[in-house]
Structures are given as structure tokens and as C-alpha cells.
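**Q** Below is one structure. I have some questions about it.
Here, each number is a calculation from the coordinates, and none is a lab measurement. Quick caveat: nothing in here was measured; it's all calculated off a predicted structure. All Cβ positions, even for glycine, are placed from backbone atoms using ideal geometry, and neighbour counts span all protein chains on display.
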Amino acid sequence: MQVKENFFVTEEEPIKLDVEVAQINIHQEIADFPLVPYPERVYIIEEEVVRAGSLYVPKTARKDGEMQTNRGYVVAVGEGVEFCQPGDRVFYGRYSGAYVMDAKYRVMNEKDLLGRYK
């Protein structure tokens, strides 16, 4: 190990933490969704990070900073949405959309979605 300008430089690979997310019963969420979506809007339930490596992540840290996810499952779509269907896993911009229904769901325009998982 060598010191370079007050930083330690090693040849070791950085440690990548395994991230565990809370399980979501997406079929039940779709069936229980109480709203009729506005045209070209998508309602998403976010994945929640529960554990990073062997560290438990408290709820207060999940919504702020690094532990906030930008992935979730589509719960409902409005008329005219062609990119995704309810049940699809999608990702979106970190600050896209708005929280609704006590921050359980996130609503955004279809164009705010960055992609969908296969």
C-alpha cells in the first residue's frame, strides 16, 4: 500500500455490497389500486432497500441520499401509455414524479421513465 496525497492507494478491488430489497406482492398491489390513472400517467410502487451488505438500513435513510432507489413496479397506467404495462419493473430518474397516497406510490409521466427490465 502506498500513500499518495493523503489517500491510500491499493491494488484491491473495491468492495461491492449486495443490496437486498423488500419483497412486494405486485399482483395484490395491482388488484387493490384504488385510483383511475390520468391519461399518459404511470403509477409506480418503489422497491425498498432493506439491507446493504450486512448492514440494516433504517427507514429514515432509505428515502434520502444514496439508498433511495430509482426502480419500481408499475401498478397502473393511464390511457395512451404504450411503453409499459402493470407488473413491469421499470427505472426512472431519481427526482421524477411525485409521491401520492401517503408516499406509497409515485406518479409520473410516461416520458419520465428511463427504461424497463426484460
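**Q** For a footprinting-style exposure proxy, rank Leu113, Leu35 by other Cβ within 10 Å, fewest first. It would help to have the intermediate numbers written out before the result.
**A** Numbers: Leu113 21, Leu35 14.
By the 10 Å Cβ count, ascending: Leu35, Leu113.
**Q** Can I ask one more? Taking the Cβ of Glu110 as the center, what net charge do the other residues with Cβ under 10 Å away carry, scoring Lys and Arg +1 and Asp and Glu -1? Can you show the working numbers first?
**A** Values: positive: Arg41, Lys111; negative: Glu40, Glu82, Asp112.
Value of the local net charge: -1.
**Q** A further question on this structure: Compute the distance in nm between two label points, each set 7 Å from the Cα along the Cα-to-Cβ direction, one at Phe83 and one at Leu35.
**A** 1.8 nm
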